[in-house]
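The values are calculated or read from the model by the stated rules, or taken from the named source; none is laboratory data. Remember, it's a predicted structure, so these values are computed and weren't measured experimentally. Reconstructed Cβ throughout: ideal geometry from the backbone, glycine too, with neighbour counts over all protein chains shown. Just the protein is used for accessible areas: all its heavy atoms, side chains included, with ligands, DNA and RNA removed. Shrake-Rupley method; radii C 1.70, N 1.55, O 1.52, S 1.80 Å.
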Amino acid sequence: GAYLPPVNAGDYNQDWSSQGTFHVEAMACGLRMPFPKIKVFSAHAQSQELTLDTEFVDKDKWLSTFSGSVPVSVSKTRQNVRFEVWSGGNNLIGEERLIGETSVYAAGPGRMEWKHLYGGALQSNYKKSEEQMNRGRMTPSTYRGSLFLRFSSRPTTGESLREVTKTKIRRGYLQVKLYRGIYLAGFEGKEVSVLIQLPGCAIPDPRNQSRNNFNLLSFPAKVDNKGTMTFLTEDGSFMPWSREAHGWVQRSTSKERKDLLKIPEAVNAARFYIVKRGDEDKPPEAFGRLLISMDEEREAKWMRVTWDQSVVKLPETDRLFKDDLVGYILGSATVVCPHYESNEDKNEVT
């Protein structure tokens, strides 16, 4: 049958070769590595590079702007535009390090969207596994930053992009409810914390207000000798669990308007990490993915807990059968965006 290009690829009566060159510009949030730059690959004859705009400084150290825009194109044989984010490669940090990569399919002028980057642990022990996670070849453990991309028919400047970005961010708070964990082999008899992160979101570090803390919530817990996890309540006792009593512990980020999180669009899941007591400054060994609902709480689900292979080396038998399962945690997560009197108030991002 006749070839039909993907949605957003332009008028399908138009020949691909007449699509021509268009441009892309970028902003980022949540990048935690120094001197970031973006390498852009498309059907355009040469790869392009976006460098950090050092003249723009976000007062909250949240947004990063990249200078100008670069030309890109698509073709019948190459319909995606791929972005690689790197750090280093200068006099201070000689070796470049891949932060993460993402692609936009059927890109074209007028399109804009958030892309969230995941990879291995930032302080990984096994670089090969980290790189495989960064490139999406293994299940990634760690949020590494977000890109806001805008495609346009002609070159543009970063100043207008910053204003557009504000309309693509929600203000809200994260509310998480955890019940218990089961089969948590490797954590038996340990006191632990379950840490919660949400892409693009950070709160001031209580130890250093000038730094961002990506761990939004912490749930102290203990794991018994059978691998069952119970959570510490506000009164200092551990929440019991039985067939008759399904207890839970609920925590949320600040609901004060001035402290609401800045949540980029296209965020549909949080990450959680299990950290042993005393190992808070080490990379977490186990992680999981927690689906979020918007405004209304959904029924609790069992969430898979996975060993982070950029931190932990699996036994040969587990590696052979790709068995990276740790156990399961039962819980739910909700993002609540308070409604203000006007859209201007609701979308206010300062």
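Would you list the strands (runs of 3 or more DSSP E) that sit entirely within region 1-80 and hold 2 or more residues that are in contact with a strand residue (DSSP E or B) (Cβ under 8 Å, 6 or more places away or on another chain), modelled with pLDDT of 65 or more and open to solvent by 50 Å² or more (accessible area, probe 1.4 Å)?
48-51
Taking Lys258 as the residue in question, decide whether it is more than 19 Å from Glu188 (Cα to Cα) and either in contact with a Leu (Cβ under 8 Å, 6 or more places away or on another chain) or of a type in the set (Lys, Arg) (or both).
In short, yes.
Please go through region 92-121 and give me each residue that is open to solvent by less than 50 Å² (accessible area, probe 1.4 Å) and without any contact (Cβ under 8 Å) to a residue 24 or more places away in the chain, ordered by number.
Hit for region 92-121 is Ser103, nothing else.
Can you give me the number of residues within region 261-293 that are assigned to a strand (DSSP E or B) and either farther than 19 Å from Tyr173 by Cα or open to solvent by less than 80 Å² (accessible area, probe 1.4 Å) (or both)?
The number of residues fulfilling the criteria is 18.
Scan region 246-255 residue by residue and report those that are open to solvent by less than 60 Å² (accessible area, probe 1.4 Å) and part of a loop (DSSP other than H, G, I, E, B).
The first filter runs over region 246-255 and keeps only residues open to solvent by less than 60 Å² (accessible area, probe 1.4 Å), leaving 247, 249, 251-254.
Residues satisfying the conditions are Gly247, Thr253, Ser254.
Which one of these does Lys258 not meet: (1) surrounded by 15 or more Cβ atoms within 10 Å (Cβ to Cβ); (2) without any contact (Cβ under 8 Å) to a residue 40 or more places away in the chain; (3) among the charged types (D, E, K, R)?
It is condition (1) that Lys258 fails.
Which of the following residues is closer than 21 Å to Glu49 by Cβ, in contact with a strand residue (DSSP E or B) (Cβ under 8 Å, 6 or more places away or on another chain) and free of Cβ contacts under 8 Å to residues at least 60 places away in the same chain: Gly145, Gly88?
Criteria check complete, one pass: Gly88.
Might you check whether a residue that is within 21 Å of Pro140 (Cα to Cα) and either of a type in the set (D, E, K, R) or at pLDDT 90 or above (or both) occurs anywhere in region 245-261?
Checking region 245-261: not a single residue is within 21 Å of Pro140 (Cα to Cα) and either of a type in the set (D, E, K, R) or at pLDDT 90 or above (or both).
Residues that are open to solvent by less than 30 Å² (accessible area, probe 1.4 Å): which strands (runs of 3 or more DSSP E) entirely in region 132-219 hold 2 or more of them?
142-152, 169-182, 191-197
So for region 294-306 (the condition being under 24 Å from Arg144 (Cα atoms), open to solvent by 50 Å² or more (accessible area, probe 1.4 Å) and in a strand (DSSP E or B)), does at least one residue qualify? Give the derivation first.
Filtering region 294-306 for residues under 24 Å from Arg144 (Cα atoms) gives 294, 303-306.
Checking the rest, the ones that are also open to solvent by 50 Å² or more (accessible area, probe 1.4 Å) come to 294, 304.
This time we only want the ones that are in a strand (DSSP E or B), so: 294, 304.
Within region 294-306 (the criterion being under 24 Å from Arg144 (Cα atoms), open to solvent by 50 Å² or more (accessible area, probe 1.4 Å) and in a strand (DSSP E or B)), the answer is yes, since at least one residue qualifies.
Go over the candidates Thr139, Thr165, Thr156 one by one and state the one that is more than 22 Å from Ile196 (Cβ to Cβ) and out of contact with any Pro (no Cβ under 9 Å at 6 or more places or on another chain). Before the answer, list the steps.
Numbers: Thr139 fails: more than 22 Å from Ile196 (Cβ to Cβ); Thr165 fails: out of contact with any Pro (no Cβ under 9 Å at 6 or more places or on another chain).
None of the others qualify; the one that does is Thr156.
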